[in-house]
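Participant: After the structure tokens below, expect a handful of questions from me.
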Amino acid sequence: MSMNKNLSRYRRAVVSGMGEIDGRCPDSGSLEYILLTAHRNRESFEQFEQHFLVCESCQKRIRLIELFYVILNEEIQQPVSPVVVQLAQKLAEPQQA
């Protein structure tokens, strides 16, 4: 299922008729999607923002997501070993039938 469908399903499940969040936390994928798309979908982010500000569980998961991206950014700044380059080239070669 796509991330958009997951988020839409989550939003339908937790947003009441008045547009208020009922307090349930989004799953990790939906949480990350909300954060990563906040600049494109500000309205969606704002619907969940109040929950994120008071929910310790979501705050902890947001810190872990942030840590993941800090580590990922540091890793992609490192030179790639020749072994990894060779493996990537081999995987990119068309397969012979």
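Participant: Rounded to whole Hz and in sequence order, give me ³J(HN,Hα) for the stretch 75-92 from the Karplus expression 6.51 cos²θ - 1.76 cosθ + 1.60, θ = phi - 60°, writing x for Gly and Pro.
Facilitator: 5, 6, 7, 7, x, 8, 6, x, 5, 5, 4, 4, 4, 4, 5, 5, 5, 7
Participant: Quick one: which residues, 5+ away or cross-chain, put their amide H under 5 Å from the amide H of Asn41? H built at 1.01 Å from N.
Facilitator: none
Any read-out appearing in this document is the output of simple, stated calculations on the displayed coordinates, not a laboratory observation. These numbers come from a predicted model, not from an experiment.
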